[in-house]
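The values are calculated or read from the model by the stated rules, or taken from the named source; none is laboratory data. No experiment lies behind these values; they were computed from the predicted model shown. No Cβ is skipped: glycine too gets one built from the backbone with ideal geometry, and neighbour counts run over all protein chains shown.
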Amino acid sequence: MTRDSRMKNILVTGGAGFIGSNFVRLALSRLPDCRLINLDKLTYAGNPGNLVDIQDDPRYRFVQGDICDAALVAELFADEQIDTVVHFAAESHVDRSIDGPAEFIQTNIVGTFTLLEAARQAWLVNAAVAGDKRFLHVSTDEVYGSLGETGMFTETTRYDPRSPYSASKASSDHLVSAYFHTYGLPTVITNCSNNYGPYHFPEKLIPLIINNALNGKDLPVYGDGKNVRDWLYVVDHCTAILTVLHQGGVGETYNVGGNNEKQNIEIVQTVCDILDQKVGPLPSGEPRRSLIRFVKDRPGHDRRYAIDAGKIAAELGWKPSVTFAEGIVKTIEWYLANPDWVAAVVDGSYQEYYRQMYAGR
């Protein structure tokens, strides 16, 4: 039995970010009887422009606010009768966590705790069980640490985080699990591999390389470029989250991967080659691969991630539908078709626009 008919009011945290905005759009299209409340602090990576096409949908409400604000979160649970939480909100960039870990501890750990407490108070204090409620915590494969040349992460892999970012996400995962075991809160955890696709903030590898390569800028690659990641097209990830909401078991963890292991240097070279095909070489006549520059590796850079997504396939029937060859072309074509979005994000002008729009709300 699925929960489709019993999901009425979904709180999405971080829904103005990359994965969150793709999820909000997909959920509104797939769940016609649901309302979505998007709670986002609008940090540098939160951009309501990601959802301009659905901002007037009567089933959608945007709330600017911090998941660490206990009073606001409790108010939303009460006023909106929240029955489902999809928790994306997080500081997520490893480099930023190395330079300034405090924000990662506050948002990723304290923020998750605040949401869990609000859900516990709303769903369990006056009821023996939470019925058909769900708290889905979206996490990362980085909590598992680093792999050698062989092997894959499974749901039972021992946690071994190596950066302040991954440590903060590991902590939040443990909190979510503890609330299930201690209080019976109906939680589910998903751990995903690297996402890519539309609306990706251009500090991450693929959008950074696309933008730099288009503008003839250097393409920085850490170390020898042979660090391996599994790449997951963002809409596939969002479909997996809906599948887990509908069919996933309470207290369970599901790894979500794309079956697309690639070295970072392969990714950069592929982006360069596709752009050369679609827009031509650089003005100098050189291919965009000539812009590649190997730079000093970052501290604690995990060598390889690889996700075994066999559990979600076997138990829930989900598998990725977009190959990397298909997805990277779709991603590049989206960035080429949306230069105004890219320009506003790169120069930061989107922040002032939306700051004024939501001032006083």
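Observations on the model:
- Of note, Ser172 does not satisfy the criterion of being closer than 27 Å to Thr323 by Cβ, under 19 Å from the mean Cα position of the chain (by Cα) and at pLDDT 95 or above.
- Only listed residue being among the hydrophobic types (A, V, I, L, M, F, W, C) and surrounded by fewer than 18 Cβ atoms within 10 Å (Cβ to Cβ), chosen from Val188, Val235, Val250, Val221: Val250
- Test: residue in region 331-353 that is surrounded by 13 or more Cβ atoms within 10 Å (Cβ to Cβ), touching a Lys or Arg at 6+ places or on another chain (Cβ under 6 Å) and closer than 20 Å to Val221 by Cα: no
- Flag for Leu115 being within 16 Å of Val12 (Cβ to Cβ), touching a His at 6+ places or on another chain (Cβ under 8 Å) and either surrounded by 22 or more Cβ atoms within 10 Å (Cβ to Cβ) or at pLDDT 95 or above (or both): yes
- Residue check for Ala70: out of contact with any Asp or Glu (no Cβ under 6 Å at 6 or more places or on another chain), modelled with pLDDT under 95 and small (Gly, Ala, Ser): no
- Residue that is farthest from Pro161 (Cα to Cα) [pool: residues in region 273-300 that are among the aliphatic types (A, V, I, L, M) and outside any loop (DSSP other than H, G, I, E, B)]: Val279
- Single unsatisfied condition, Asn108 versus (1) touching a Ser or Thr at 6+ places or on another chain (Cβ under 9 Å); (2) more than 23 Å from Tyr350 (Cβ to Cβ); (3) surrounded by fewer than 21 Cβ atoms within 10 Å (Cβ to Cβ): (3)
- Of all residues in region 32-57, those that are free of Cβ contacts under 8 Å to residues at least 40 places away in the same chain, surrounded by fewer than 21 Cβ atoms within 10 Å (Cβ to Cβ) and over 24 Å from Asp132 (Cα atoms) total 6.
- Residue in region 264-283 that is under 17 Å from the mean Cα position of the chain (by Cα) and surrounded by 17 or more Cβ atoms within 10 Å (Cβ to Cβ) present: no
- Residues (in contact with a Phe, Trp or Tyr (Cβ under 9 Å, 6 or more places away or on another chain) and either among the charged types (D, E, K, R) or surrounded by fewer than 20 Cβ atoms within 10 Å (Cβ to Cβ) (or both)) located in region 69-87: Asp83
- The condition of being at pLDDT 95 or above, over 20 Å from Ala118 (Cβ atoms) and surrounded by fewer than 16 Cβ atoms within 10 Å (Cβ to Cβ) holds for only one of Ser5, Ser29, that being Ser29.
- Hits in region 199-238 - residues which are over 30 Å from Val12 (Cβ atoms) and either part of a loop (DSSP other than H, G, I, E, B) or among the acidic types (Asp, Glu) (or both): Asn215, Gly216, Lys217, Asp218, Gly223, Asp224, Gly225, Lys226, Asn227
- Residue among Glu333, Glu315 that is acidic (Asp, Glu) and more than 30 Å from Thr156 (Cα to Cα): Glu333
Okay, residues lined up against (1) of a type in the set (Lys, Arg); (2) over 15 Å from the mean Cα position of the chain (by Cα):
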position: Asn22; (1), (2): no, no
position: Arg25; (1), (2): yes, no
position: Asp40; (1), (2): no, no
position: Val52; (1), (2): no, yes
position: Arg59; (1), (2): yes, yes
position: Val73; (1), (2): no, yes
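- Considering residues of region 301-316 that are assigned to a helix (DSSP H, G or I) and within 22 Å of the chain's Cα centre (by Cα) only, the residue surrounded by the fewest Cβ atoms within 10 Å (Cβ to Cβ): Gly310
- Meets criteria (touching a strand residue (DSSP E or B) at 6+ places or on another chain (Cβ under 8 Å), crowded, with 17+ Cβ neighbours inside 10 Å and modelled with pLDDT of 95 or more) for Leu242: no
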